Every structure is written in C-alpha cells, then in structure tokens.
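Undergrad: The structure's right below; bear with me while I get my questions together.
The values are calculated or read from the model by the stated rules, or taken from the named source; none is laboratory data. Remember, predicted model here, so these are calculated numbers, not experimental data. All Cβ positions, glycine included, derive from the backbone under ideal geometry; neighbour counts span all protein chains shown.
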Amino acid sequence: MDLDAFFASCEQRERPEYRGRPVVVGARPGQRGVVAAASYEARRYGIHSAMPISEAYRRCPDAVYLRPDLEKYRRASRQVFQLLESITPVVEAASIDEAYLDVSGLEKLLGTPETIGREIKHRILAETGLTASVGIGPNRLIAKLGSEHHKPDGLTVIPPDRVLDFLAPMPVANLRGLGPQAQKIFSRLGIRTVAQLRSIPLPHLEQHLGKKAAASFHRQAQGIASDQVVPGRTRKSISKETTFETDVRDHAVLHDVLLRLAADVAGTARRERLSGSVVTLKIRFAGFETYTRQQKRPLPTQDEREILKTAWRLFLDSQLPDKPVRLIGVGISHWATHQPAQADLFDPPEQRAENQRLLKTIDAVTEKFGKNMLQVGASRKPGV
Ligand SMILES: [Mg+2]
C-alpha cells in the first residue's frame, strides 16, 4: 500500500481551495532546497520530489508552495496504519506512507487478496480522504512494483504465474538498488528492460557489477524476492539535513547546525524508542560533490551529544576537502535490539540517571514548546 502524493494530498484534503491545483511541498521558492512532494496536478508540469525548488518554480510559478508540516503528516499516517492493522496484524511500515501487508491465509475470513486490496483502498478514502495505490504479488518486490504500476488510486494484481511477464517490459531502473554506477554499466551493456537483463548470463553480469549486485539484479529479474513481512518494523535510519542559503565555511556555524540536527535526530529516536549504533555524516560542497562518512559506535545511542561527538569527529578526521559547505546532514542507523540502550554504560550510575533526566526534560520541553527551545551545550574540541 502506497499513499498517493502523500504530503501534498494531506494539504489538499485540509484545504478544499488547493484541490485540483498544483501543490508543491518543500523549500520556499527563492531559497535553496528541494521539492519534498508534488501533487499530481504539479507533476503534470514535470515537477517531482527531490527537484530543486528553483526548477519547480520555473516550471510552475502559480503552484501553491507550502512548507512541510511533518506533525500533520504523521497524524494522517498513524490513522492509515491503525486502519491497516484492523485488517491484518501483519503490517510492516516501510515509510511514513508505505506499508507491506501479509494477507496470506485471510481468504476465508476476508476474501481474495484482490477483495482485501479494494477494501483497503475504499476504507482509506472513506475514513481519511486520501487515495492509495495497492500492488498485490507473491513477494515484496512484486507487490511494491505493482503499487507503482498504476498511480494514483491504482490496484494491480500480479499472480505468481504472471510475474515474469509483468517484469519483462519494465525498465531496469525500476529495480531496487540501482545506483548511478550500475545504471551506467547497464546502459553501456545496452540493457534497458528486465527482459534484456534476464538474457545476460549471471557470470557475465558478475564481471561487470561484482558478485553481490549481480546476484541481486539476477534474482530480481526472475521475480525472486523475500515474502516476509515483519510487523511493526519501521525505518532503517533517522536522519536530518539542511541546505544553506549561502555556502558555509565557518566551523563554529557548522558545529552549531550539526548540534541542532543531532538534537532533532535524537529526539525522534527517543520518541520511537530506537538507539542507533552507526552515525552517518553527509556533506555536500558547492558544486554538488557529496560525501558520506559513517562510524560505528561502541554502544548504540539516542543522545544528541553522542551523535554530535561522532559526527564532528567524522567531519574533522575524514579528510574532506576544505571547501565551502552547501548542505550538511547527520543520521543514525543499525538499531540496537535491546531497549533501553543507555547513552553510555561506562558512566557512573548517578551520571547516567542525570543524563536520562536531562534528555527527558529536553523531550518534554520540545513536546510543549517546539524544537530547539532547549539544547545541550557541546564542545567543538574532538573527544570532549
Ligand atoms: Mg507514496
């Protein structure tokens, strides 16, 4: 299940005057940043997510431009997920607006997968005013590609014996994990469709793509993928980034911004009871060169000071070019399986308790007054 143009649809359902009009959610025109979501009316102008906002504005200056209201989208998402969970308990959240449902074995109770798919779409529309596209298939890959097949408001059913035909004419670009590198290799080999990919022997693919990627694309081309739906699983990572109005060189400013981003990431992690073992730093320089650096921490964390400390060390130590920065971001991933994970188990117990109190206070203030009202202090010297 994939909600259609989710952020834009949330805005349109709330404001009838936006319906039927191009709506673009994202950065403010005239500033730096990108499109987060575009309504289908806006897509007709060629506007899509991740497009620079300046480009969107050039294409359609008359669109409604809105800043994202994540709280609003989270509320709508919660409503949809509750509805899905009332249909089957096996619901896996893939993102804020996408879910995998395992409906196998529900035939006697609810009808065929197609009937259940229709019911889901109908109830989402009736109860939330949003439209969804549903794909039904024997595994995750096929269901996902099915949901993308007809949008918006689509329902695509791919029974097991139709999988190969369904995939054959599809552009390889639709497969999972196709980075710019693989894209280049495929176009050099003249592979455009899944059918063409299927005709290449695996050893030949391995020569060009390496063993791992070749195996993955080879499997996908045959329609082979996992059919496991893990209920409740949510996101793989939490990250935040910011694009500067004008490029920044000043370390004090970068450190400040990183702290704010780390606080955002940590706040979300605590709300969702997640602790991450890997910290990622993302930097884009003027001219769009982008670098990401990752470090595994000895212990998982959900504390902004720990996230910042690791991210800042990555910034100072990882031999990034000394150039003006256009975008900076930080994230955590690789969740700990046990909760709660303490910020630092090597701290004495009193210190730990105090840490927990501090973080709780920050969360309470954030809940009441909004983000960035209260921040921990942090030193720019590495290791402090
Ligand atoms: Mg969607």
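Undergrad: Would you call Pro298 free of Cβ contacts under 8 Å to residues at least 12 places away in the same chain and in a strand (DSSP E or B)?
TA: In short, yes.
Undergrad: Hey, another quick one. Here is a list of conditions, (1) part of a loop (DSSP other than H, G, I, E, B); (2) more than 25 Å from Leu141 (Cβ to Cβ), and Asp256 meets all of them except one; can you say which number that is?
TA: Looking at each condition in turn, Asp256 falls short on (1).
Listed here are the residues, each with its yes/no results for (1) in contact (Cβ under 8 Å) with a residue 60 or more places away in the chain; (2) under 24 Å from Leu145 (Cα atoms).
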{"position": "Phe7", "(1), (2)": "yes, yes"}
{"position": "Cys10", "(1), (2)": "yes, yes"}
{"position": "Gly30", "(1), (2)": "no, no"}
{"position": "Val35", "(1), (2)": "no, yes"}
{"position": "His48", "(1), (2)": "no, yes"}
{"position": "Phe81", "(1), (2)": "no, yes"}
{"position": "Val91", "(1), (2)": "yes, yes"}
{"position": "Thr112", "(1), (2)": "no, yes"}
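Undergrad: Can you tell me how many residues in segment 301-334 are aliphatic (A, V, I, L, M) and either outside the structural domain of Ala353 (by TED's automatic domain parsing) or part of a helix (DSSP H, G or I) (or both)? Lay out the reasoning, then the answer.
TA: Within segment 301-334, the subset aliphatic (A, V, I, L, M) is 307-308, 311, 314, 316, 320, 325, 327-328, 330, 332.
Subset that is either outside the structural domain of Ala353 (by TED's automatic domain parsing) or part of a helix (DSSP H, G or I) (or both): 307-308, 311, 314, 316.
Summing the residues that are aliphatic (A, V, I, L, M) and either outside the structural domain of Ala353 (by TED's automatic domain parsing) or part of a helix (DSSP H, G or I) (or both) in segment 301-334 gives 5.
Undergrad: Sort through Pro160, Pro169, Pro201 and tell me the only one that's more than 27 Å from Ala132 (Cα to Cα) and surrounded by fewer than 13 Cβ atoms within 10 Å (Cβ to Cβ).
TA: Pro201
Undergrad: For Ala38, work out the one condition from (1) in contact with a strand residue (DSSP E or B) (Cβ under 9 Å, 6 or more places away or on another chain); (2) more than 16 Å from the ligand (Cβ to nearest atom) it doesn't fulfil.
TA: Status for Ala38: all satisfied but (2).
Undergrad: Quick one: in segment 263-277, which of the residues that are touching a Ser or Thr at 6+ places or on another chain (Cβ under 9 Å) and buried (at least 19 other Cβ atoms within 10 Å of the Cβ) is farthest from Ala311 (Cα to Cα)?
TA: Leu274
Undergrad: Filter segment 96-152 for residues that are assigned to a strand (DSSP E or B) and within 16 Å of the ligand (Cβ to nearest atom); which is surrounded by the fewest Cβ atoms within 10 Å (Cβ to Cβ)?
TA: Once the filter is applied, the top-ranked residue is Glu98.
Undergrad: Scan Ile238, Ile224 and give me the residue that is part of a strand (DSSP E or B) and in contact (Cβ under 8 Å) with a residue 60 or more places away in the chain.
TA: That would be Ile238, the only listed residue that is part of a strand (DSSP E or B) and in contact (Cβ under 8 Å) with a residue 60 or more places away in the chain.
Undergrad: I need the full set of residues from segment 285-324 which are buried (at least 20 other Cβ atoms within 10 Å of the Cβ) and farther than 21 Å from Asn355 by Cβ, in order please.
TA: If the condition is that a residue be buried (at least 20 other Cβ atoms within 10 Å of the Cβ) and farther than 21 Å from Asn355 by Cβ, then Leu314, Phe315 are the ones that fit.
Undergrad: Within segment 36-56, can you find the residues that are under 17 Å from Glu245 (Cα atoms) and not in a loop (DSSP other than H, G, I, E, B)?
TA: If the condition is that a residue be under 17 Å from Glu245 (Cα atoms) and not in a loop (DSSP other than H, G, I, E, B), then Pro52, Ile53, Ser54, Glu55 are the ones that fit.
Undergrad: Identify, please: which residue in segment 79-95 is assigned to a strand (DSSP E or B) and not aliphatic (A, V, I, L, M) and is, among those, nearest to the ligand (Cβ to nearest atom)?
TA: Top of the filtered list is Ser95.
Undergrad: Does Ala76 satisfy the condition of being in a strand (DSSP E or B), over 30 Å from Arg326 (Cα atoms) and either in contact (Cβ under 8 Å) with a residue 60 or more places away in the chain or more than 16 Å from the ligand (Cβ to nearest atom) (or both)?
TA: On the way: in a strand (DSSP E or B): no; over 30 Å from Arg326 (Cα atoms): yes; either in contact (Cβ under 8 Å) with a residue 60 or more places away in the chain or more than 16 Å from the ligand (Cβ to nearest atom) (or both): yes.
No: the conditions fail for Ala76.
Undergrad: Cβ-Cβ below 7 Å, separation at least six or inter-chain, first residue in segment 259-272 and touching a residue at least 12 places away in the same chain (Cβ under 8 Å) and on the phi < 0 side of the Ramachandran plot, second crowded, with 24+ Cβ neighbours inside 10 Å and among the hydroxyl-bearing types (Ser, Thr, Tyr): which pairs?
TA: Pairs found: Ala269/Ser275.
Undergrad: Quick check on my filter: what residues within segment 1-35 are within 16 Å of the ligand (Cβ to nearest atom) and part of a helix (DSSP H, G or I)?
TA: Residues satisfying the conditions are Phe6, Phe7, Ala8, Ser9, Cys10, Glu11, Gln12, Arg13.
Undergrad: Considering only segment 50-69, state which residues are touching a residue at least 40 places away in the same chain (Cβ under 8 Å) and surrounded by 18 or more Cβ atoms within 10 Å (Cβ to Cβ).
TA: The answer is Ala63, Val64, Tyr65, Leu66.
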